[in-house]
Amino acid sequence: MDFATLLAFAVFVIVMTGTPGPGNLTFLAIGASAGYRTAFPVIMASQVGSIALNLSVAYGLGHVMAGGGTIVTIFKVMSMAYMTYLAWRIISLSIKPRGDVSLPSFWEGLLIHPLSPKTWAMSLVAFSTFFAGNTLSVPENALILMTGFMLGGLVFHSLWALAGVSILTLIGDGPVMRAITVAMAIAMLAATVWALVL
């Protein structure tokens with residue numbers, strides 16, 4: 001892989017991991033509702049899920065997903081069900097009294113990327129655009145793909161969570177914050193639906 005291709009891949013990762021999607025909106029909402037310390041383990045879990053997804057794409061599962069069929073239909077149903085569950089968990093953090101709802105766990109974060117249509121799309125596009133047909137081995141391509149998205153995810157998920165913390169600090173924990181959290185959960189679902197339809 002030459003430097004120009006690697007640089008183009010890096011720019012792609014920055015744009016894709018930095019823009020709104022189910023993951024970033026989830027971490028914005030968790031940061032706003034429960035703080036960065038609560039968001040951080042979920043961010044780490046999401047990166048473990050991202051590693052698994054990108055390895056799967058690099059080793060051929062991407063071809064299966066790109067082909068459509070029953071497996072893609074099952075994925076879409078599971079994706080929508082999980083993102084709906086996640087949206088409810090986020091809303092619960094803001095509408096229920098502190099202590100009455102458990103905070104998002106490592107295990108919940110683990111599934112964010114494997115069940116996010118945006119993450120699948122960006123991994124498939126990246127692999128087919130920057131890695132298909134190059135002279136590197138499959139493990140080398142997998143390592144670059146996985147590392148790029150993991151670093152981008154760690155940086156931008158953290159920044160979105162910290163933005164949520166800033167919103168909480170600015171407006172406090174009241175009706176306006178609850179309305180914003182509900183709006184973020186709805187936006188996360190809308191982003192999921194949009195990605196599933198495209």
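State to the nearest 20 debye the size of the charge dipole of region 91-195 about its Cα centre, where the only charges are +1 on K and R beta carbons and -1 on D and E beta carbons.
Here the size comes out at about 200 debye.
Where a ≥ b ≥ c are the square roots of the eigenvalues of the C-alpha gyration tensor, would you call region 6-58 rounded, which needs a/c under 1.5, or, failing that, prolate if a/b is larger than b/c, or oblate?
oblate
In Å², what does the accessible area per residue of the chain work out to with a 1.4 Å probe?
48
Suppose R0 equals 22 Å. What FRET efficiency, 1/(1 + (r/R0)^6) with r the Cβ-Cβ distance, do ILE186 and TYR36 give to the nearest 0.05?
0.45
Which of rounded, prolate, oblate describes region 1-111, given a ≥ b ≥ c as roots of the alpha-carbon gyration tensor eigenvalues and a/c under 1.5 marking rounded, otherwise prolate only if a/b is larger than b/c?
Taking the square roots of the gyration eigenvalues as a ≥ b ≥ c, region 1-111 is oblate.
Just the number, please: Stokes-Einstein D of the chain in µm²/s, Kirkwood Rh from C-alpha pairs, 4 °C, 1.567 mPa s.
75
For LEU111, what accessible surface area do you get with a 1.4 Å probe? Give it in Å², rounded to 10.
Roughly 70 Å² of LEU111 is accessible to a 1.4 Å probe.
So for region 1-160, taking the charge dipole from beta-carbon charges (+1 Lys/Arg, -1 Asp/Glu), which of THR17, TYR82, VAL48 sits furthest toward the positive end?
TYR82
Distance from the Cα centre of region 25-44 to that of region 134-193, in angstrom?
Centre-to-centre distance over Cα atoms comes out at 9 Å.
Once neighbouring chains are kept in place and the probe is 1.4 Å, which whole percent of the accessible area of the chain is contributed by carbon and sulfur?
Of the solvent-accessible surface of the chain, carbon and sulfur hold 76 percent.
So, R0 is 25 Å and r is the distance between the beta-carbons of THR169 and TRP194; what FRET efficiency does that work out to, to 0.05?
0.25
Tell me which residues come under 5 Å, amide H to amide H, from ILE112 once H is placed; ignore anything under 5 positions away on its chain.
none
Can you sort VAL64, VAL197 by solvent-accessible area, 1.4 Å probe, largest first?
Largest to smallest exposure gives the sequence VAL197, VAL64.
Rounded to the nearest 10 Å², what accessible area does PHE130 show when all protein chains are kept and the probe is 1.4 Å?
That residue has around 30 Å² of solvent-accessible surface.
What do you get for the angle between helix 70-95 and the principal long axis of the chain? Use alpha-carbon atoms, 0 to 90 degrees, nearest ten.
Roughly 30 degrees, rounded to the nearest 10.
Considering the dipole of the chain built from charges on the beta carbon (Lys and Arg +1, Asp and Glu -1) around the Cα centre, which of GLY174, SER33, SER116 is farthest to its positive end?
Among GLY174, SER33, SER116, the one farthest towards the positive end of the dipole of the chain is GLY174.
The values are calculated or read from the model by the stated rules, or taken from the named source; none is laboratory data. If you're wondering where the values come from, they're calculated on a predicted model, not measured in any experiment. Backbone-built Cβ (ideal geometry, glycine too); neighbour counts: all protein chains shown. The accessibility values were calculated without ligands, DNA or RNA, using every heavy atom of the protein model including side chains. Shrake-Rupley method; radii C 1.70, N 1.55, O 1.52, S 1.80 Å.
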